[in-house]
1. Here is a check on your reading of the model: is Ser56 among the small types (Gly, Ala, Ser) and more than 29 Å from Thr33 (Cβ to Cβ)?
2. Taking segment 161-170 only, how many residues are closer than 26 Å to Ser79 by Cβ and in contact with a Ser or Thr (Cβ under 8 Å, 6 or more places away or on another chain)?
3. Any idea which of Ser56, Ser128, Ser79, Ser74 is closer than 19 Å to Ile5 by Cβ and touching a Pro at 6+ places or on another chain (Cβ under 8 Å)?
4. Of a type in the set (Gly, Ala, Ser), under 19 Å from the mean Cα position of the chain (by Cα) and surrounded by 13 or more Cβ atoms within 10 Å (Cβ to Cβ): is that true of Ala10 in this structure?
5. Quick test for you: out of Glu198, Glu184, Glu178, pick the one residue that is surrounded by fewer than 20 Cβ atoms within 10 Å (Cβ to Cβ), farther than 25 Å from Arg62 by Cβ and at pLDDT 95 or above.
6. Evaluate the following for Asn88: is it closer than 30 Å to Ala42 by Cβ and touching a residue at least 60 places away in the same chain (Cβ under 8 Å)?
7. Output the residues belonging to segment 111-159 that are under 17 Å from Arg72 (Cα atoms) and acidic (Asp, Glu).
8. Starting from segment 46-68, keep only residues that are free of Cβ contacts under 8 Å to residues at least 40 places away in the same chain, then list their pairs with residues that are part of a loop (DSSP other than H, G, I, E, B) whose Cβ atoms are within a distance under 7 Å, requiring at least 6 positions of separation or different chains.
Amino acid sequence: MLDDITVDPAVIALRPDFAVLAITAHGLRNGPTDDRSRGWLAEARPVPNDHEKLESWREAYRAFGAKPSRTRPSVDALSRRLPLPEINQVVDGYNAISVKHVLPIGGEDLTRYQGPARLVRTVGDEPSEEALGVPEPGEVVWRDDLGVTCRRWNWRQVARTRITEETTDALFLLERLEPFSLDELKVAGEELAELLSEITPGVRIATRLIVSGT
């Protein structure tokens with residue numbers, strides 16, 4: 001799965017500084033929010049609205065024609081929702097890390113994927129769930145063989161691939177733009193792997209860093 005993930009050259013042309021750390025976790029035993037995951041959520045602190053990492057994502061959204069004040073990058077929207085919502089243990093964990101590092105993180109149920117994940121710029125006729133609408137030409141989206149899995153880069157995920165309490169195999173996409181460093185991206189990935197191992201001792205973790213030219 002990891003080796004098949006691709007980032008379209010058109011996306012790299014838009015933002016040559018883009019990188020994504022892809023992490024798979026197999027054998028998860030997820031469950032409802034508990035005291036441990038509530039503790040992770042409680043550690044989240046407000047992010048200044050003018051934080052440079054948020055501004056970088058807003059610039060990326062404007063570059064493909066989105067208005068970040070209307071459809072906010074995921075970490076921008078999440079940081080405005082403190083205290084963070086309780087979803088389930090796995091989602092609580094990666095949401096807490098997302099806000100801590102000011103880093104967009106997507107979580108996907110691998111058993112609901114058809115074909116590999118790829119980040120592309122749309123032509124405007126890509127299948128998408130009705131609730132999210134049809135992507136506009138040139139929009140940056142994650143997709144698989146069935147259609148869009150996340151609109152406007154990391155704005156809104158489709159219901160089909162969301163991580164639920166029944167999820168056993170998952171894909172996490174940690175998305176970086178400068179000034180976020182690759183070293184910090186590695187640290188965030190290690191922290192996520194540690195939380196997943198707390199939730200499920202013995203979970204099988206694999207990672208792949210995808211940067212321009214790879």
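The values are calculated or read from the model by the stated rules, or taken from the named source; none is laboratory data. Everything numeric in this text was worked out from a predicted model, so none of it was measured. Heads up, the Cβs are rebuilt from the backbone with ideal geometry, glycines too, and the neighbour counts pull from every protein chain shown.
1. On the way: among the small types (Gly, Ala, Ser): yes; more than 29 Å from Thr33 (Cβ to Cβ): yes.
Considered against the rule, which asks whether it is among the small types (Gly, Ala, Ser) and more than 29 Å from Thr33 (Cβ to Cβ), Ser56 comes out as yes.
2. Applying the first criterion (closer than 26 Å to Ser79 by Cβ) to segment 161-170 yields 161-165, 167, 170.
Those still in the list that are in contact with a Ser or Thr (Cβ under 8 Å, 6 or more places away or on another chain) too: 161, 167, 170.
Qualifying residue count, segment 161-170: 3.
3. On the way: Ser56 fails: closer than 19 Å to Ile5 by Cβ; Ser128 fails: closer than 19 Å to Ile5 by Cβ; Ser79 fails: closer than 19 Å to Ile5 by Cβ.
That would be Ser74, the only listed residue that is closer than 19 Å to Ile5 by Cβ and touching a Pro at 6+ places or on another chain (Cβ under 8 Å).
4. Working: of a type in the set (Gly, Ala, Ser): yes; under 19 Å from the mean Cα position of the chain (by Cα): no; surrounded by 13 or more Cβ atoms within 10 Å (Cβ to Cβ): yes.
Here the answer is no, as Ala10 does not meet what is asked.
5. Values: Glu184 fails: farther than 25 Å from Arg62 by Cβ; Glu178 fails: farther than 25 Å from Arg62 by Cβ.
The match here is Glu198.
6. On the way: closer than 30 Å to Ala42 by Cβ: yes; touching a residue at least 60 places away in the same chain (Cβ under 8 Å): yes.
For Asn88, the condition - closer than 30 Å to Ala42 by Cβ and touching a residue at least 60 places away in the same chain (Cβ under 8 Å) - is met.
7. Hits for segment 111-159 are Glu136, Glu139.
8. Partner pairs satisfying both residue conditions: Pro46/Leu82; Arg58/Pro68; Arg58/Pro73; Arg62/Pro68.
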